[in-house]
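Asks: Structure below; questions to follow.
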Amino acid sequence: MYFLILFILFFPFKLANAFELNNEITQGALIIGKELPDKSIYVNKKQIKISKDGIFVFGINYNQTGSIVIDSIDRDNKITSMTYKIKKRQYKIQKIEGLDEKMVTPDDESLKIIKKENELIKDAQLVNSDFTFFYSGFSKPVDGPISGVYGSQRILNGKSRSPHFGIDFSVPRGTEIKSPADGYVSLAEKNFYFTGGSIVLDHGHGVSTIYAHLDEILVKKNEFIKKGQVIGKVGSTGRATGPHLHFGVNWFDTKIDPQLILK
C-alpha cells in the first residue's frame, strides 16, 4: 500500500491505455515516464533507455520548440503514440559587472584550456548508465537565496554571452554542499578556468548534476554518493564575482532547469 501511495503521488495523472509522465512538457523540463518494461520508447523517433522497472526519462532543451512525439512499441510492433506541444517560456536578462576581463574574453591560450575542460565536462554528462537514482527526486544542494536563474541571457561586463544553464545559490563561502540524490562521481576537478572547483554526479539514464565554483571538493571520481552526503564547499573559484554555488542539471547535452526538478 505504501508503494502504491508513493506511485500515485509521483505520477499524478495517467494517460488512457498508454505510458505515464510526471511533468509538464515545457522548455527546460526533465520528463520522467513509466511504461511496461517490455515496451520500447521513442522520443521524436529516437529510442531512449527504459529500465527493467519500466522507468524512462528525457529532457527538453531551453529553446526547443514545436512538439514532442512519444511512441511506445510492444513486442508485436503495436505502436501507442502521443503528441505534446512544447510550452514556451520567457527568460530574463542578467547583467553582471566587475568580472576580470580575461574571464569575459579569454586569450587564445586560455581558449585551448577551456576547450579541453569543456570536453571533460561533456564526457561526464554523456554517461548513459543503467542507474535510476533520478527517480527518487532531488533535494536542494544548499539552502539560500537564488541569485541567478536558468535560461537568463548573460550580459558580462556589457558583452552578450551564452545563456545561464543552471541556478546560482548566493550562500557564504564554506557552506556545505549536499548531494540532492544518490549518484556516482563522474568528474571532480579543482581548478577549471570558468567553473573553478567542479563536480559532476551521474544519476542514471543520462541525468547528471553539476556543481561549480567550489572552494573544496570532498569526493573522488567513481565514488558512490548517497543523497544528503556532503560533496564539497561553496567558493568563488573560476568565473565568479563572489561566493556562490552554480547548480546545473543535464540530460546528456540537454540543459534542464534545476528549479523544475526541485519543486
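Asks: Enumerate the aspartates and glutamates that residue 52 could reach by cross-link, defined here as Cα to Cα under 17 Å, with residues fewer than 8 away along the same chain left out.
Replies: 20, 35, 38, 74, 130
Asks: Can you give the net charge of the other residues whose Cβ lies under 11 Å from the Cβ of residue 175, counting K and R as +1 and D and E as -1? Intermediate values should be presented prior to the final figure.
Replies: Values: positive: 173, 178, 233; negative: 143, 176, 215, 216.
Here the charged neighbours net out to -1.
Asks: Expressed as an acute angle from 0 to 90° and rounded to the nearest 10, what is the orientation of the C-alpha long axis of helix 108-125 relative to the principal long axis of the chain?
Replies: 30 degrees
Asks: Related question: Residue separation times 0.36 nm, minus the C-alpha to C-alpha distance between residue 74 and residue 224: what's the value?
Replies: Working: separation 150, 0.36 × 150 = 54.00 nm, distance 3.46 nm.
Result: 50.5 nm gained on full extension.
Asks: Work through the residues other than residue 191 whose Cβ is under 14 Å from its Cβ and net out their charges, Lys, Arg +1 and Asp, Glu -1. Each step should come with its number before you reach the end.
Replies: Numbers: positive: 116, 190, 239; negative: 117, 189, 215, 216.
That works out to -1.
Asks: Which order do peptides 163-174, 58-69 fall in by mean Cβ count within 10 Å, highest first?
Replies: Values: 163-174: 18.6, 58-69: 16.7.
Peptide ranking by packing, descending: 163-174, 58-69.
Asks: Before anything else, pin down the relative contact order of region 114-263: Cα pairs under 8 Å, at least 6 apart, normalised by residue count, whole percent.
Replies: Values: 409 pairs, mean separation 41.7, N = 150.
This gives 28 percent for region 114-263.
Asks: Which percent of the Cα-Cα distances in the chain go past 32 Å? Each step should come with its number before you reach the end.
Replies: Numbers: 8673 of 34453 pairs.
In whole percent, the long-distance tail amounts to 25.
Asks: Given a cut-off of 20 Å, name the pairs among 88/227; 115/190; 49/255; 178/226 whose C-alpha atoms lie farther apart than that in the structure shown. Kindly include the intermediate steps, with their values, before the conclusion.
Replies: Values: 88/227 32 Å; 115/190 16 Å; 49/255 18 Å; 178/226 9 Å.
Where the Cα-Cα span goes over 20 Å, the pairs concerned are 88/227.
Asks: Considering amide H positions built from the backbone, and no H for Pro or chain starts, which residues 5 or more places from residue 147, or on another chain, come under 5 Å of its amide H?
Replies: 168, 169, 170
Asks: Still on this structure, please answer the following. Over region 153-263, with a single point scatterer placed on each C-alpha, what log10 of the ratio I(q)/I(0) does the Debye formula yield at q = 0.12 1/Å?
Replies: Values returned for q = 0.12 Å⁻¹ are -0.38.
Asks: Another question, if that's okay. Between residue 89 and residue 108, what length in nm is gained on full extension when 0.36 nm per residue of separation is reduced by their alpha carbon distance?
Replies: 3.3 nm
Asks: Okay, moving on. If you add up the charges near residue 65, with Lys and Arg at +1 and Asp and Glu at -1, over every other residue whose beta carbon is less than 14 angstrom from its beta carbon, what do you get? Walk me through the intermediate numbers first.
Replies: On the way: positive: 85, 87, 88, 89; negative: none.
Net charge around residue 65: +4.
Asks: Turning to a different aspect of this structure: For the chain, what does the accessible surface come to per residue with a 1.4 Å probe? Please give it in Å².
Replies: On the way: 13470 Å² over 263 residues.
I get 51 Å² per residue for the chain.
Asks: So for each of 229-242, 205-218, 112-125 I average, over its residues, the number of other beta carbons within 10 Å; can you give me the resulting order with the highest mean first?
Replies: On the way: 229-242: 19.1, 205-218: 23.4, 112-125: 15.1.
By packing density, highest mean first, the sequence is 205-218, 229-242, 112-125.
Asks: Cβ neighbours within 10 Å, averaged per peptide: list 19-26, 179-186 in order, most packed at the top. Working shown, then result.
Replies: On the way: 19-26: 17.5, 179-186: 22.9.
Going from most to least packed, we get 179-186, 19-26.
Asks: Now, a different point. Nearest 500 deg cm²/dmol is fine: what mean residue ellipticity at 222 nm does the chain get from its DSSP H runs of n ≥ 4 alone, each adding -39,500 (n - 2.57), divided by its residue count?
Replies: -4000 deg cm²/dmol
Asks: Calculate, in nm to one decimal, what residue 36 and residue 23 gain on full extension: separation in residues at 0.36 nm each, minus their alpha carbon distance. Could the numbers behind the result be given before it?
Replies: Numbers: separation 13, 0.36 × 13 = 4.68 nm, distance 1.87 nm.
Full extension of this stretch gives 2.8 nm more.
Asks: Identify all aspartates and glutamates with a Cα-Cα distance to residue 46 below 14 Å; exclude those on the same chain that are fewer than 8 residues away in sequence.
Replies: Here the aspartates and glutamates satisfying the reach criterion relative to residue 46 are 71.
Asks: Rounded to a whole number, what % of the accessible area of the chain do carbon and sulfur atoms account for, probe 1.4 Å?
Replies: Working: 6920 of 13470 Å².
Exposed carbon and sulfur together represent 51 percent of the surface.
The values are calculated or read from the model by the stated rules, or taken from the named source; none is laboratory data. If you're wondering where the values come from, they're calculated on a predicted model, not measured in any experiment. A quick note on method: Cβ atoms are made from the backbone with ideal geometry, for glycine too, and the neighbour counts reach across all protein chains shown. Accessible surface areas use protein heavy atoms only, side chains included; no ligands, DNA or RNA. Shrake-Rupley method; radii C 1.70, N 1.55, O 1.52, S 1.80 Å.
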